[in-house]
Structures are given as C-alpha cells and as structure tokens.
Amino acid sequence: MHLHLRAAAEADIRDDHDWLSTFMGTAWGVIEAEYAAGIADAIEKDYHRLDTFYVEETDDPDARLPVFGGRQPAGAPTDHYPDPPLILLEPAGVARAAAFLTAVSFDGLWARAGGRITASFGPGWSDATVRGIYENHHRSLRGFYERAAAAGHAVVKAGWF
C-alpha cells in the first residue's frame, strides 16, 4: 500500500478522474526517476497513521493537507471506491502544506504521540526505529512540498493498494 504524490504545473494536469488515473499510473512506472527529479514522493503503509499524527496532534487546520488534503477530481466515481483513489491539491493548498510542514516541530509531535504510534506497530518495534520511519516520512514530505510550492505546482495523490 502506497500513497503516491506527484507535483506538476496546474496547466499540465486535467481536473478529470480518468485522465489523472492514467497520469498517475504512468508515473508509478517511473517513480524512481521522478523521486530523483524531486517531483514525486510516496509513503508506504504508514500514510493513514502519518495523517493522524499531524491532524490529532496540532490545532492547525492545514495539518490535513500533506497527506489527505485536497479534493476528488471531477468525474470521480461516487458509487464505489475508485482504484486508485485520487486527490487533487491545488497550488494554494500545496503552499499551505509546505508552510505547515516547515513550521511544525517534529520533536514536539513525537513527544506527544510517539509512544502511541510505536505501540500501534506491535511487539518488537523499538521507539527509535519507528521514530526514524516517521522522521524520514516527515523530512521527505517537507522537501517535496517545499519544492512543489516554490514551483507553484499542484499535487496529485493516488492510493495504490
């Protein structure tokens, strides 16, 4: 399970579910190259917990933007769960997500929620290992959103299962 994020100029994407599904499917095949170019990121398995980590531990309404923030594109199925589920975050939201990730204290968030997150991983997981995973997610998302915001890009998100 991955949450795949891809930054692109708003003019280069369409607000259309089927088009974005193809756009993201094509990108999944070249994700390593897009990582290297700084226009893609992905969170494996932990994206729901990471969203909760940000949202439940801050009073900032922009805390939801980095992971699940945005809206479904036009034409998204309403009668079933689309495969992949898609989210479109416009440039203004990307800028707010970048500002949130830059301003929030990872250490402060971890001090409040780290024990609960580590416990949710089950036996055998050390706090240092789980913290490292989340710290890497946070650092990666912060850099991704900072680059996307600086370029004035939108972000498309796809959940691959």
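Just so you know, all these numbers are worked out from the coordinates, no wet-lab data involved. What you are looking at is a predicted structure, and each value in this text was computed from that prediction instead of being measured. FYI the Cβ positions are ideal-geometry reconstructions off the backbone, even for glycines, and counts take in every protein chain you see.
Take every Cα pair under 8 Å in the chain that's 6+ residues apart, average their separations, divide by the length, and report that relative contact order as a whole percent. Display every interim value, and only then the final one.
Details: 228 pairs, mean separation 63.7, N = 161.
It rounds to 40 percent for the chain.
Of the residues D12, D60, D107, the one that moves most in a GNM of the chain with alpha-carbon contacts below 10 Å is D12. Here the label points at A99 and A150, each 7 Å from Cα along the C-beta direction, are separated by 1.8 nm in the simple model.
When shorter helices are ignored and each DSSP H run of at least 4 residues is given -39500 (n - 2.57), the per-residue value for the chain at 222 nm works out to -16500 deg cm²/dmol.
Using per-residue counts of other Cβ atoms within 10 Å, averaged over each peptide, order 126-136, 142-152 from highest down. Can you show the working numbers first?
On the way: 126-136: 13.9, 142-152: 18.7.
Peptide ranking by packing, descending: 142-152, 126-136.
Relative to its residue count, region 42-97 spans a Cα convex hull of 103 Å³ per residue. Relative to the longest principal axis of the Cα atoms of the chain, the long axis of helix 17-28 makes an angle of roughly 60 degrees.
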